[in-house]
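*Asks:* Quick one: the structure is below, and I'll ask about it shortly.
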Amino acid sequence: MHRRTRRSSYRLSALGLAAVLGTSLLAGCASDEGGSTGGGDSSDEGKTELTVGLFGTFGFLEAGLYEEYERLNPDITIKQTVVERNENYYPQLLTRLASNSGLADVQAIEVANVAEVVQTQADKFMDLGQADGVRKDDWFDWKWQQGTTADGKTIALGTDIGPMAICYRKDHFEAAGLPTDRAEVSELWAGDWQKYLDAGRDFQENGPDDVSWVDSAGGVYNAAISSYESKYYDESGEVIYKENPDVQEAWDVATAAGEAGMTKKLEQFSKPWDQAMNNGTFATISCPAWMLGYIQDKAGDKGKDLWDVADAPKPGNWGGSFLGVPESAKNKEEAAKFVAWLTSPTQQAKLFEERGSFPSAPKSYETPEVAEATHEYFANAPIGEIFSRAAENIPTQIIGPKDQIIQDNIGRAGVRQVEVNGLSPDEAWEEAVKAVDNAIDK
């Protein structure tokens, strides 16, 4: 990480991943229950030790934020414990909330779980909306509301978000006769996921024989559904995915890509997916901000300057997390002050500069760390501008308690069956509905 001319240049790695949805969350900080680290000497007598329970790699320690807070507050030491995968972390969190024991002073909550926590566990958490230094206007309204109950208790403050872009290979676009300039690429599909498919059809006809348009139909579905105003639940909490035209549109886009042979038929975050990224055998990928570090890590040196970043057809959000303070926390008042500081616009901008986690506080976008950010690996793409623009236009979506379960089953039992096993979209939809309804006990 260093300054170059007037912009920040980012060297992101897989460790820059903050919160990826569901079981696809990757991390490099520690194995399950295996990582206890902090910014200072937690054995110092007479100091208050704040404990932080996380999943995956949030980057607070690596970005030096713990150490900075300890310097500002000499009577505080910070110790974090990391569970590698959210699928293991979240059940453990629920168990500890139920028993009011074993909880850290600060507990992370993934966006896919926040609605369930807000609806069923709110009495177990402090109201951080009342904490000193917390200003509701620092966050996007939709991000604030995700961590807030219907009666106005804010149990968790947002850390990062995952505004969407499309990452693309310039060499493959050039070979197919498509534009390579990021502004012209963005214009190819501006405002419509069907235009993205149209560009894909051109690519499949004219591009390299061994290169597919996109990595996976599931990735297309995740990106498309994130860009619509409604998803799986309505405002009253009813499950509506079967009748929702926005879900159907996202389904149609993803299954059309699968039926037309535009995809590499890969499962995201698998070894074959990593290998294909390294070999350059797909031309585009739906790309939330945290994906940049992953691509750089897996594509390696030979992909540098070949990858670039364009606007997504429609702005959307894929990913993001929260921090809450349990009522039973040993040092809850000090923990609330710490969370307020850690999630403030200033600290979010620092975390982005050091780790690539895109801020959920729009005031961060005015800072040089964000506004002037480029990414050297991606042909010096102005990622601060691209992702800020996307973030400011993310639709406000209703997040339900079983959103992730619904989305995972639509992807695995539905979209992937079209792509890999040749089911028709209608047949695959029936399978997806069966899987979802079984999973949510309907």
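*Asks:* When the residues of segment 303-312 are narrowed to those that are over 27 Å from V114 (Cα atoms) and under 18 Å from the mean Cα position of the chain (by Cα), which ends up surrounded by the fewest Cβ atoms within 10 Å (Cβ to Cβ)?
*Replies:* Among those that are over 27 Å from V114 (Cα atoms) and under 18 Å from the mean Cα position of the chain (by Cα), it is D311.
*Asks:* Among the helices (runs of 4 or more DSSP H) confined wholly to segment 263-348, which include 3 or more residues that are out of contact with any strand residue (DSSP E or B) (no Cβ under 8 Å at 6 or more places or on another chain), at pLDDT below 95 and more than 30 Å from T148 (Cα to Cα)? Explain how you work it out, then say what you get.
*Replies:* Working: elements: 271-279, 291-299, 332-342.
Here the list reads 291-299.
Here is a yes/no grid of residues against (1) more than 23 Å from F269 (Cα to Cα); (2) out of contact with any Cys (no Cβ under 9 Å at 6 or more places or on another chain):
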{"site": "A63", "(1), (2)": "yes, yes"}
{"site": "Y66", "(1), (2)": "yes, yes"}
{"site": "I78", "(1), (2)": "yes, yes"}
{"site": "V82", "(1), (2)": "no, no"}
{"site": "E87", "(1), (2)": "no, yes"}
{"site": "T95", "(1), (2)": "yes, yes"}
{"site": "N100", "(1), (2)": "yes, yes"}
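*Asks:* In segment 91-109, which residue that is small (G, A, S) and surrounded by 11 or more Cβ atoms within 10 Å (Cβ to Cβ) is farthest from A156 (Cα to Cα)?
*Replies:* Per the stated criteria, the residue is G102.
*Asks:* What is the one condition in (1) of a type in the set (S, T, Y); (2) surrounded by fewer than 24 Cβ atoms within 10 Å (Cβ to Cβ); (3) assigned to a helix (DSSP H, G or I) that S236 does not satisfy?
*Replies:* (3)
*Asks:* Out of the residues in segment 134-169 that are surrounded by fewer than 24 Cβ atoms within 10 Å (Cβ to Cβ) and in contact with a Lys or Arg (Cβ under 7 Å, 6 or more places away or on another chain), which is nearest to S388 (Cα to Cα)?
*Replies:* By that ranking, first place goes to D138.
*Asks:* Right, here's the next one. Based on what the data block shows, is A349 outside the structural domain of A223 (by TED's automatic domain parsing) and closer than 19 Å to V370 by Cα?
*Replies:* yes
*Asks:* So P368 ticks every box in (1) closer than 26 Å to Q404 by Cα; (2) modelled with pLDDT of 95 or more; (3) not β-branched (V, I, T) but one. Which box is left unticked?
*Replies:* All conditions are met except number (1).
*Asks:* While we're on this one: Among the residues of segment 247-264, what is the count of those that are within 15 Å of G411 (Cα to Cα) and surrounded by 19 or more Cβ atoms within 10 Å (Cβ to Cβ)?
*Replies:* Counting residues in segment 247-264 that are within 15 Å of G411 (Cα to Cα) and surrounded by 19 or more Cβ atoms within 10 Å (Cβ to Cβ) gives 10.
*Asks:* Additional query: So if I check each of P368, P362, which one is surrounded by fewer than 24 Cβ atoms within 10 Å (Cβ to Cβ) and within 19 Å of D141 (Cβ to Cβ)?
*Replies:* Only one candidate qualifies: P362.
*Asks:* Inside segment 371-380, can you point out the residues that are crowded, with 17+ Cβ neighbours inside 10 Å and in contact with a strand residue (DSSP E or B) (Cβ under 6 Å, 6 or more places away or on another chain)?
*Replies:* E372, A373, T374, H375, E376, F378, listed by residue number.
*Asks:* Going through segment 353-372 one residue at a time, which ones are within 19 Å of F58 (Cβ to Cβ) and either assigned to a loop (DSSP other than H, G, I, E, B) or touching a residue at least 60 places away in the same chain (Cβ under 8 Å) (or both)? Reasoning before the result, please.
*Replies:* To start, the set of residues in segment 353-372 that are within 19 Å of F58 (Cβ to Cβ) comprises 353-361, 364, 369-370.
Within segment 353-372, E353, E354, R355, G356, S357, F358, P359, S360, A361, E369 qualify.
The values are calculated or read from the model by the stated rules, or taken from the named source; none is laboratory data. Nothing here was measured: the structure is a model prediction, and the numbers come from that model. In this analysis, Cβ positions are derived from the backbone assuming ideal geometry, glycine residues included, and neighbour counts consider all displayed protein chains.
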